[in-house]
Each structure stands twice: as structure tokens, then as C-alpha cells.
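S.K.: Structure incoming, see below.
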Amino acid sequence: MVNHNLSLGNRMRIKYNREDVPDLISNESTSSTAFDQEPAATGVQTVVVHHPTHTVIANETRVSTAGPGADEECQKRPCLRAWLTILSIIGSVAIVLIPVLILRSASSSEVQQVEASIPSPAPTALGDEECGKKRIKITEICNASGLDDELVELKVLVNDQHYWPKQVESDCLEGYGSYGYDRNTCLVPNSSLDGSCFTLRNSIELLFGGDDTIDEQIKVTLHDTDFFWDDIIEIFAPKRDWYLPNLCEKREFEFAEQLYDGSAKIKMVVDFGEVQNPCGVEEDALLSGLNDAATALENVQLGLLEYARGTEVGQKYRHLQRQRQATTQRRRLIFSLLATGFRVMAGAVSTGGRSFIKLFTRQTRVGNALSTTADMATIGSILLGSPNSYNNNNNEALLEKVFDRFDQIDNQLDNIQAQIKDGFEEIKLAIEEEFAEQKLDEWITFRLGVKLREEYLGYTDRSHTGSSRVSHEETFRQTCNGDHSPYNIFQVLYSYSCLDCQRFSSGKAQQYFLDTYVNLASANFETPVERVLWFRRSFGTVIIGALTEAIYFYSVCLYGTKDDGQCGVADPVWDTRLAEMGDALEEVVTSLGEAETRLE
């Protein structure tokens with residue numbers, strides 16, 4: 001008996017006589033036999049397979065008519081059953097593997113299609129670094145029925161740090177205010193919280209991202225302070241829901257205490273980029289504008305100094321007087337020498353390329369955006385009183401720089417005020433208790449120098465906290481909008497010193513003030529030089545200095561109400577008045593020059 005070792009990778013070698021092949025092929029149609037039939041007594045059950053050295057027909061079953069000399073291999077049934085088993089295994093494996101491969105191919109195709117369908121983040125001009133910096137602001141509280149007092153002493157914490165209110169005077173509801181020694185809560189009627197949304201007034205932006213690590217969630221705590229125990233609602237904002245580092249757009253989210261309808265929730269606005277100041281102006285533009293304001297006032301102060309300087313001019317005049325006796329020549333030389341000081345003053349105030357008038361009243365806005373020196377003075381003043389300027393690291397750093405610029409401005413105002421005071425001392429050398437002196441003293445010393453300036457200094461004092469500044473802000477705002485506003489003071493002083501007097505509907509009814517001082521100079525001083533110098537040091541310095549201050553105070557005054565948001569848009573009425581004040585100051589400079597020609 002032949003021992004058959006069969007395996008999947010083996011081939012069966014079939015022996016046959018070459019002369020039998022034609023008969024096998026010719027009898028193909030009648031020679032097939034099922035494997036489960038008994039083999040013929042004289043035949044051999046043969047499986048013909050591929051052999052490396054022969055070309056034969058493979059995978060067919062033949063019944064050979066070979067005689068007794070044929071190969072005795074594979075004549076036994078176990079051989080055929082072994083091959084049948086092998087073929088069955090191969091078929092079963094194929095049946096299992098083919099569907100698996102088809103499914104894997106389909107799954108891979110589906111994943112590729114899903115990945116292809118997910119849009120990639122849109123490119124942004126700011127880049128991923130700016131997009132990764134998120135500014136969040138809690139804007140509203142809704143359905144906070146868990147705070148069940150009739151009058152809730154409400155405060156909001158973010159990650160256990162006090163968030164709202166920051167300034168109870170401006171953040172709390174009118175008529176309710178705050179309660180308690182700490183004054184860090186707002187009294188809110190429960191009806192504003194239960195079943196509705198309550199807006200957090202003046203809530204600030206907090207910066208997340210950038211160099212800071214962001215926690216997996218933000219915890220927002222609604223805290224009601226009670227006598228016996230406090231009511232607390234905690235709401236969580238998961239990072240995965242709101243922090244999208246590649247998304248550069250502003251979005252609003254809602255986060256609830258629980259998943260059921262009617263539970264307490266908050267509304268949170270998420271924007272990108274650095275925390276902006278309340279007016280949204282670029283820091284460099286703001287600080288540059290305030291620097292220009294300080295420079296413009298310094299130019300006026302130095303111009304007035306040259307305008308009133310007289311020793312060197314007088315010495316040159318006396319030297320020339322000895323050489324030239326003719327009256328016409330003497331007049332021409334006097335005013336030629338004095339003209340230098342006047343040109344310096346006029347250049348600083350009105351005619352120079354960076355004169356006070358051109359910097360404050362004649363600059364053109366870039367793209368209609370607030371960008372002029374006067375605009376920046378206004379915005380700087382508004383920032384001092386904005387709740388968002390405090391308790392925020394970015395804005396507090398900017399605020400310190402703004403205070404530094406206002407200190408520079410105030411130094412120049414101090415110098416101009418000192419020159420005005422010296423001007424009044426010069427006036428008193430010539431007149432005592434004169435009506436013209438009293439009226440100037442009322443409007444310039446008291447209305448402008450004491451009341452308006454002191455209220456401005458009280459508002460801009462850097463030692464204030466956000467809360468302590470509020471009362472001073474309101475006082476300053478009332479004066480800016482009252483009967484003795486900078487605009488009204490300017491009109492009165494213009495009427496005392498104008499040339500054509502066609503502005504502000506003032507007419508020439510008050511022009512006698514200017515004539516009075518011209519006459520006083522002529523009556524009290526002998527030489528033209530002495531008359532001109534006294535006129536400049538007294539009336540001229542006082543008027544120019546006061547009108548300059550009035551324009552500056554007009555630019556930093558607070559108009560309207562606190563909630564008007566006046567720093568966001570241009571005010572055409574404000575623009576028109578400021579331009580008119582600049583033209584009026586230019587006219588006054590011309591008027592003073594004309595008056596000097598009468599001091600012979």
C-alpha cells in the first residue's frame with residue numbers, strides 16, 4: 001500500500017503512457033466519474049494536475065482505460081477524500097475572506113469620503129496664533145430660579161474669581177443699587193431672573209489661550225448672598241464646546257446647569273484675539289494722538305513765551321532809535337523786530353504745519369475712522385471712566401500709558417495757566433477793578449481755570465479706583481453739558497477779541513473789550529514797544545491761552561449719557577463745532593495782530 005503525504009502546497013505526480021493521452025482526450029465526454037462512486041476494476045482514478053515538465057489539462061478528473069501496468073498510486077479512497085478535504089478548506093477560507101476584504105475596502109472608502117467631506121479650517125489673515133486667543137464675556141443669566149429670594153444679592157464668579165459687578169454704581173440697576181459692606185453684589189429682583197434672562201451690564205472680557213493653559217472647563221458661579229446661607233448655582237462650559245483654536249469668528253454659546261428644559265443657563269460670547277479696549281482703537285494710534293495733543297499744547301506755551309519776550313527787542317529798538325530819527329522808518333523797524341515774536345506765536349497756534357489749530361481742528365480722518373488728535377483726546381478721556389478699563393490686565397496696562405500721556409498734557413496746561421495768571425498780573429499794573437478786567441477774570445479765572453479745570457483734574461486723577469472715579473465723572477459730564485461748557489466759554493472769549501465777529505452769531509457788541517485794552521496800552525506806556533509788549537503780555541496772552549485751553553477741554557469733555565458709546569462713531573455736530581472753534585481762534589490771532597498796528 002502506498003503512503004500518500006498530501007498537503008495544500010504539494011502537487012500529485014501522475015504516471016501515464018504517452019500513447020494513452022490521445023484516448024484520454026478523445027473520450028473526455030464519457031470518462032467523468034463522481035468521487036463517491038466505486039472505481040472500475042480495471043481502471044485507475046486519476047487527477048490530472050499541472051506539472052513543471054509537462055503540458056496537460058489541469059483540475060479535471062479522468063477514468064483511464066490503462067491496463068494492469070498503470071501506476072497503482074491514489075487507487076485508494078482515502079487519497080481522494082484527502083484532496084477533497086483540502087479543496088473544501090480552501091473554498092471555505094475563500095468564502096470567509098472574500099466578504100471581509102470587500103467590507104474593509106468599503107469601510108476604507110467610506111472613511112476617506114467622510115474625511116474628504118470635513119471642511120478644513122478656513123485660512124485667516126490673523127493666523128492661528130491670534131485665533132487661539134479667545135476672549136469670553138458672560139452677557140446674560142437665564143432661568144435662575146434657584147436663587148429664590150425676592151431680592152437677590154447677585155454676584156458672578158468665573159473659576160472662583162469675582163467677575164461681576166466691577167463698579168456697582170454703573171453695573172447695578174437704577175433704583176436697586178448694591179447692598180452690604182463689601183459692595184460687590186447687585187440687588188436684582190427675582191422676577192428678572194426667574195423665567196427670563198437678565199443682562200449683566202458692563203460685563204468684561206476675559207482672555208483665554210495664548211500663553212495660558214486652558215482648563216478642561218470654565219466654571220461660572222451665580223452667587224446669592226444671604227444672611228443665614230448662600231444660594232449657589234454652578235454652570236460649566238466645557239473647553240471642547242467653545243474653544244476652537246482655528247476658528248477666527250465671534251460666536252455666542254449657551255451653557256445650562258442641567259440638561260432638562262427650564263434649568264438655569266448662561267449666555268457666553270466668545271471672540272478671538274487680544275482683549276480690546278472699550279473703544280476698540282489701536283493702542284499705538286491712541287498713544288500717538290495723545291502725544292500730539294501734548295506737543296500741540298507745548299508749542300502754544302512756547303509760542304506765547306516768545307510772543308511776550310521783550311528785553312532783547314527793546315534793546316535793539318533803542319539802538320536803532322539812536323541811528324534813525326525819522327518817524328516812518330522808526331515805525332517800520334519797530335514792527336519788523338516785534339513781528340518775529342508774533343510769527344512764532346501764530347505759527348504755534350494757527351499757521352504752522354503742526355500748529356495747535358491744525359492738529360486739533362483740521363486733521364482729516366483716515367478712512368472716516370476716529371483718528372485725529374482731538375479724537376484720541378476724546379477716546380483717552382472716555383477710557384478713564386469705562387468699567388472695562390479696570391480689573392483686566394491688558395486694559396489696565398494700556399490705562400497706565402494713557403495716564404502717562406495725560407500727565408504730560410497736564411504739565412503743559414499748568415504752564416499755560418501760569419502764563420494766563422501772569423497776564424492778569426500785567427493787567428492789574430494798568431487798571432484796578434475795571435469792568436473789562438472783572439469780566440475776563442470771571443470767565444477765564446473762575447469758569448475756565450477753577451471750575452472746569454478742577455473738575456477735569458478730579459476726573460482724570462490716576463489715584464482713583466474704578467468706583468471712586470464715578471462721582472467725579474458725573475460732575476465733569478454735567479459741566480461739559482451745562483451753561484458754562486468749554487464751547488460756551490469759548491464763544492464769550494471770542495466775542496471779546498474777534499475781528500469780523502461773524503461766528504457764533506456774536507456780532508460786535510462785545511468788541512469794546514479789545515478796544516479797551518488797546519486804549520489802556522496807549523494811555524499807560526510811552527513808547528510803541530512798551531505798549532505792544534504790555535498788550536501781548538496781558539490781553540493777548542490771556543486770550544490766546546484761554547481759547548487754547550477751551551478747545552482742549554472741548555475735545556476731552558464727556559457728552560451725552562454714560563451709555564451712549566460716543567467713542568464708537570463720529571459726531572457731525574461735534575466735528576462742526578470743533579472746526580468752527582479752530583477758525584475762530586485763527587481769526588483772533590489775526591485780530592491781535594491788527595490791534596498792534598494801532599499802538600503807535
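S.K.: What single numbered condition from (1) surrounded by 18 or more Cβ atoms within 10 Å (Cβ to Cβ); (2) under 17 Å from Leu413 (Cβ atoms); (3) among the acidic types (Asp, Glu) fails to hold for Asp461?
M.R.: Tallying (1) surrounded by 18 or more Cβ atoms within 10 Å (Cβ to Cβ); (2) under 17 Å from Leu413 (Cβ atoms); (3) among the acidic types (Asp, Glu), Asp461 fails exactly one: (1).
S.K.: Which condition breaks for Arg365 when tested against (1) open to solvent by 50 Å² or more (accessible area, probe 1.4 Å); (2) at pLDDT 85 or above?
M.R.: For Arg365, the exception is condition (2).
S.K.: Which condition does Cys197 not pass, out of (1) open to solvent by 40 Å² or more (accessible area, probe 1.4 Å); (2) within 28 Å of Ser386 (Cα to Cα); (3) modelled with pLDDT under 90, if it passes all the others?
M.R.: With respect to (1) open to solvent by 40 Å² or more (accessible area, probe 1.4 Å); (2) within 28 Å of Ser386 (Cα to Cα); (3) modelled with pLDDT under 90, Cys197 is out only on (3).
S.K.: Sticking with this one: Determine whether Thr213 is closer than 16 Å to Leu193 by Cα and out of contact with any Cys (no Cβ under 8 Å at 6 or more places or on another chain).
M.R.: The answer is no for Thr213.
S.K.: If you don't mind, another one. Which one is nearest to Ala285 (Cα to Cα), of the residues in the stretch 349-382 that are polar (S, T, N, Q) and assigned to a loop (DSSP other than H, G, I, E, B)? Step through it out loud before you land on a result.
M.R.: In the first step, residues of the stretch 349-382 are kept if they are polar (S, T, N, Q); the result is 350-351, 355, 361, 363-364, 368, 371-373, 378, 381.
Next, from what is left, pick out any that are assigned to a loop (DSSP other than H, G, I, E, B): 355, 363-364, 371-372.
Details: Ser355: 19, Gln363: 14, Thr364: 14, Ser371: 7, Thr372: 9 Å.
Looking at the filtered set, the residue picked out is Ser371.
S.K.: May I ask you to list the residues in the stretch 498-510 that are among the hydrophobic types (A, V, I, L, M, F, W, C) and part of a helix (DSSP H, G or I)?
M.R.: Within the stretch 498-510, Phe504 is the sole residue that qualifies.
S.K.: Next question, about the same structure. Any chance you could count how many residues in the stretch 208-267 are open to solvent by less than 80 Å² (accessible area, probe 1.4 Å), in a loop (DSSP other than H, G, I, E, B) and closer than 26 Å to Lys133 by Cβ?
M.R.: Qualifying residue count for the region: 9.
S.K.: OK, next. Residues Phe539, Phe513: which one is in a helix (DSSP H, G or I), of a type in the set (Phe, Trp, Tyr), modelled with pLDDT under 90 and under 22 Å from Phe424 (Cα atoms)?
M.R.: Phe513
The values are calculated or read from the model by the stated rules, or taken from the named source; none is laboratory data. Small disclaimer: the values here were computed from a predicted structure and weren't measured. Reconstructed Cβ throughout: ideal geometry from the backbone, glycine too, with neighbour counts over all protein chains shown. With ligands, DNA and RNA removed, areas are computed over all heavy atoms of the protein, side chains included. Shrake-Rupley method; radii C 1.70, N 1.55, O 1.52, S 1.80 Å.
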